[in-house]
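Student: Structure in C-alpha cells, see below.
Read the figures in this text as sums done on the coordinates, not as results from a lab. Please read these numbers as outputs of a predicted model, since none were measured by experiment. So basically every Cβ, Gly included, is an ideal-geometry build from the backbone, and we count neighbours across all protein chains shown.
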C-alpha cells in the first residue's frame with residue numbers, strides 16, 4: 001500500500017499546492033494510505049483537501065484510507081457533516 005503524508009500545516013494558504021502534490025502522487029490504482037498524523041495547524045480547507053483526494057483516488061480506481069487524523073480535525077469533520085467520507 002502506498003502512503004502519502006499531509007504536512008504539519010494545511011490552511012487555505014497551502015491547500016491548492018498540497019492538493020496538487022497529493023493528486024500527482026496518487027498511484028494509478030490500488031490502496032493508498034493518507035497519513036494525517038503530522039497535521040497540527042489546519043482550517044476547514046484541510047477537510048476540502050481530504051475530500052478532493054478521496055474523489056481523485058476514486059477516479060483513479062484507488063481506495064484511500066485516511067490515517068491519524070487529529071481529534072480536532074475529526075471534530076471539525078463532524079461539525080461539517082463530512083466525517084463519514086473521511
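Student: From the list [x] 1.04; [y] 1.00; [z] 0.93, can you say which value of Rg/Rh (Cα atoms, Kirkwood Rh) was derived from the structure given?
Tutor: From the options [x] 1.04; [y] 1.00; [z] 0.93, the structure gives [z].
Student: Per DSSP H run of n ≥ 4, the term is -39500 (n - 2.57); total these for the chain, divide by its residue number, and report the mean residue ellipticity at 222 nm rounded to 500 deg cm²/dmol.
Tutor: -15000 deg cm²/dmol
Student: With everything on Cα atoms, drop me the angle between helix 44-59 and the longest principal axis of the chain, reported from 0 to 90° to the nearest 10.
Tutor: 20
Student: Taking 8 Å as the Cα distance limit and 6 or more residues as the minimum spacing, I'd like the relative contact order of the chain as a percentage.
Tutor: Here the relative contact order equals 34 percent.
Student: May I pose another question? Does a label point 7 Å from the Cα of residue 3, set along Cα-to-beta-carbon, have any residues of the range 10-50 with amide nitrogen under 14 Å, and which are they?
Tutor: Residues 32-39 qualify, since their backbone N sits under 14 Å from the label point.
Student: So how tilted is helix 12-25 from the main axis of the chain? Cα-based, degrees 0 to 90, rounded to 10.
Tutor: 20
Student: Going by average Cβ neighbours within 10 Å, how do the peptides 51-57, 7-13, 79-85 rank, with the highest at the top? Mind showing how you got there, number by number?
Tutor: Values: 51-57: 17.7, 7-13: 15.0, 79-85: 11.6.
The peptides rank, most packed first, as 51-57, 7-13, 79-85.
Student: Something else: Could you please state, rounded to a whole Å, how far the C-alpha centre of the range 42-81 is from the C-alpha centre of the range 1-32?
Tutor: The distance from the Cα centre of the range 42-81 to that of the range 1-32 comes to 11 Å.
Student: Nearest 5 is fine: what % of DSSP beta bridges in the chain come out antiparallel, could you say?
Tutor: Values: 0 of 12 bridges.
Counting only bridges with both partners in the chain, antiparallel ones make up about 0 percent.
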